[in-house]
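Q: Have a look at this one before I ask anything.
Derivation of every value follows stated rules applied to the coordinates shown; laboratory data play no part. Only a predicted model underlies this, so the values are computations on that prediction, with no experimental measurement involved. Every residue, glycine as well, gets a Cβ built from its backbone with ideal geometry; the counts of neighbours run over all protein chains shown.
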Amino acid sequence: MKKQALKHLAIVAAIAAISTAAQADVGKTAAYAEGVTATSVWKNSFGDCWRTGTWTKDQAVVEGCDGYVKPVTAPAPVAAMPAPAPAPAPAAAPVKKAPEVFTLKSDVLFDFDKASLKPAGKEALDQLYKESIEAKKANYASLTVKGYTDRLGSAKYNEKLSTARAKTVAEYLESKGVDASTVSVVGLGKSSPVTGDTCAKVKPRAKLIPCLAPDRRVEIELDGTK
């Protein structure tokens, strides 16, 4: 009897010696045999947790037993930062409209070397005013009259003559209804010829004067908008 008791104690001690504890979620399932303190489950000599008679796969929730691994709680998703609003497109720079330029031959407006309007010159300005200026006067901001001469004579004399002719034209247009506050006058003399070398070899003077006729002109420039 005494020998059997000792043998029983030896078996229990052996079992205790080869059993190891699986420390996880003990007490939450009846699937495994637990230790006395219910803080571990017993394992056999092969390292397997001892299953109870009620073991089911759904109850096998002790970490280290039957390959169970406690699921890791996924971190809360980080809200994505909203994309920055696209920068507004730069405003397109206003396109400046090119001035409208009307060119009149001085020989139509004036006699040679004169600054008084001829009847034909008044008719030409009347037509220009009616067809091209009157309808647009509510839109343009300025009207510039530029006078030009040919290369005959001194620079000083031609500047004076071209200014006088431009002034005569400006005053006539003002009499037709052009706002004088929008009008400016420029005398450019022989500074901007358009004939180039065309008349370089033309002689005598009687032939040179008609050859240089394109240089003798008055330009009326409408610019800007109100």
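Q: Do any strands (runs of 3 or more DSSP E) entirely within region 95-212 hold 3 or more residues that are out of contact with any His (no Cβ under 7 Å at 6 or more places or on another chain) and surrounded by fewer than 17 Cβ atoms within 10 Å (Cβ to Cβ), and if so, which?
A: Fully inside region 95-212 and qualifying: 100-105.
Q: Follow-up question, since we're still on this one. Give region 57-79 a look and list any residue that's polar (S, T, N, Q) and over 60 Å from the mean Cα position of the chain (by Cα), or say none.
A: Result: GLN59, single match.
Q: On to the next question. Of all residues in region 182-202, which are under 18 Å from PHE112 (Cα atoms) and among the charged types (D, E, K, R)?
A: Listed by number, the list holds a single entry, LYS190.
Q: Looking at ALA89 and the list (1) out of contact with any helix residue (DSSP H, G or I) (no Cβ under 7 Å at 6 or more places or on another chain); (2) not in a loop (DSSP other than H, G, I, E, B), which single condition is not satisfied?
A: (2)
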